[in-house]
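K.L.:
Following this message is one structure expressed as structure tokens.
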């Protein structure tokens with residue numbers, strides 16, 4: 001459906017449900033499992049007990065920051081979205097959500113994030129603005145670099161690091177390993193996702209790796225990213241003393257990566273959404289479930 005046709009259809013304006021569609025709240029499933037892995041591993045090292053209050057605040061902070069990031073992304077990109085047939089039906093383009101309402105939601109979300117960070121510990125609050133910056137820079141990235149996917153990866157890498165800080169109040173290089181794994185993983189599947197917009201991006205001067213170097217190069221780049229991700233997840237498991245069930249999870253992740261890259265071909269992107277949404281959502285949930293079971297078997301107490 002074209003932007004003009006979408007605009008001609010009467011739309012409910014700025015309902016909470018429309019805002020949740022705008023920020024794709026269900027996609028929190030990509031980042032949250034890895035934040036939980038970091039937080040629970042830190043709790044295991046701290047005293048082998050699950051601190052439910054801290055875990056709740058980590059959840060609130062992660063969802064708040066991601067909601068802000070998505071709202072800001074949609075606001076900043078609304079003119080680009082209007083020119084792309086794939087995104088012309090988004091809520092800010094059709095008028096289902098007004099710019100004022102989107103900004104209101106974004107501000108509320110970032111206040112919630114900052115509030116959760118303040119309740120966690122002073123270091124989390126002090127570093128919270130650092131986490132906000134790449135969330136705003138990312139949508140502008142496609143205006144000045146062919147590698148906006150790297151900015152997205154940097155933004156997502158902060159999740160596990162922040163979750164570890166939330167539990168311990170101190171820096172951990174183990175959390176950095178997991179953060180890098182998440183960032184490179186998400187940057188890799190953003191390369192895949194961007195392949196469907198190559199024609200529109202080239203027509204309107206939007207920068208991306210696939211638009212600059214082509215779809216085959218982007219898919220190879222994603223394969224490299226996911227190979228590196230697998231290596232970093234193995235490193236994290238070794239560094240944290242993971243045992244059987246974590247490694248079962250790693251086998252599942254490796255098989256899922258192979259499947260993801262088999263279903264998306266340079267000249268056949270028809271199954272791209274399956275690779276992007278279904279497989280990557282499964283990867284996060286599967287590894288979290290196995291990592292949690294591993295920690296419980298090793299003595300983590302609910």
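K.L.:
In whole angstrom, note down how far apart the Cα centers of region 194-254 and region 54-132 are.
P.N.:
So the two Cα centres are separated by 24 Å.
K.L.:
Using only the alpha-carbon atoms, how far is helix 280-297 inclined from the longest principal axis of the chain? Give it as 0 to 90 degrees, nearest 10.
P.N.:
Result, in degrees: 10.
K.L.:
Compute the relative contact order of region 1-160 as a whole-number percentage, counting only Cα pairs closer than 8 Å that sit 6 or more residues apart in sequence.
P.N.:
On the way: 176 pairs, mean separation 52.0, N = 160.
For region 1-160, the relative contact order is 32 percent.
K.L.:
Let me ask something else about it. Against the longest principal axis of the chain, how steep is helix 52-76, in degrees 0 to 90 to the nearest 10, with axes from Cα atoms?
P.N.:
20
K.L.:
Next question, about the same structure. Which of 251, 234, 60 moves most in a GNM of the chain, Cα contacts under 10 Å?
P.N.:
In this elastic network of the chain, the residue with the biggest mean-square fluctuation among 251, 234, 60 is 251.
K.L.:
Something else now. Relative contact order for region 16-297: what percent, with Cα pairs under 8 Å and sequence separation of 6 or more? Display every interim value, and only then the final one.
P.N.:
Values: 400 pairs, mean separation 58.0, N = 282.
With pairs under 8 Å counted, the relative contact order is 21 percent.
K.L.:
For region 132-226, what does the relative contact order come out to in percent, with C-alpha contacts under 8 Å and a separation of six or more? Could you put the intermediate results ahead of the total?
P.N.:
Details: 124 pairs, mean separation 28.5, N = 95.
With pairs under 8 Å counted, the relative contact order is 30 percent.
K.L.:
Under a 10 Å cutoff between Cα atoms, tell me which one of 121, 280, 73 has the largest fluctuation in the Gaussian network model of the chain.
P.N.:
121
K.L.:
Among 262, 90, 74, which one moves the most in a GNM of the chain with springs linking Cα atoms closer than 10 Å?
P.N.:
262
K.L.:
Can you give the Kirkwood hydrodynamic radius of region 238-298 from its Cα pairs, in Å with one decimal?
P.N.:
Result for region 238-298, one decimal place: 12.5 Å.
K.L.:
Another question about this same structure. In what sequence do 48, 100, 142 fall when counting other Cβ within 10 Å, fewest first? Working shown, then result.
P.N.:
Working: 48 12, 100 9, 142 23.
Fewest to most other Cβ atoms nearby, the residues stand as 100, 48, 142.
K.L.:
Can you tell me the orientation of helix 122-141 relative to the chain, as the angle in degrees between its alpha-carbon axis and the longest Cα principal axis, to the nearest 10?
P.N.:
30
K.L.:
Sticking with this one: Rounded to the nearest 500, what is the chain's calculated 222 nm mean residue ellipticity when only DSSP H runs of at least 4 contribute -39500 (n - 2.57) each, over all residues?
P.N.:
Working: 15 runs with 224 residues, N = 302.
The per-residue figure over the chain is -24500 deg cm²/dmol.
Rule-based calculations on the coordinates, nothing more; no lab input. Since this is a predicted model, take the numbers as computed values, not measurements. All Cβ positions, glycine included, derive from the backbone under ideal geometry; neighbour counts span all protein chains shown.
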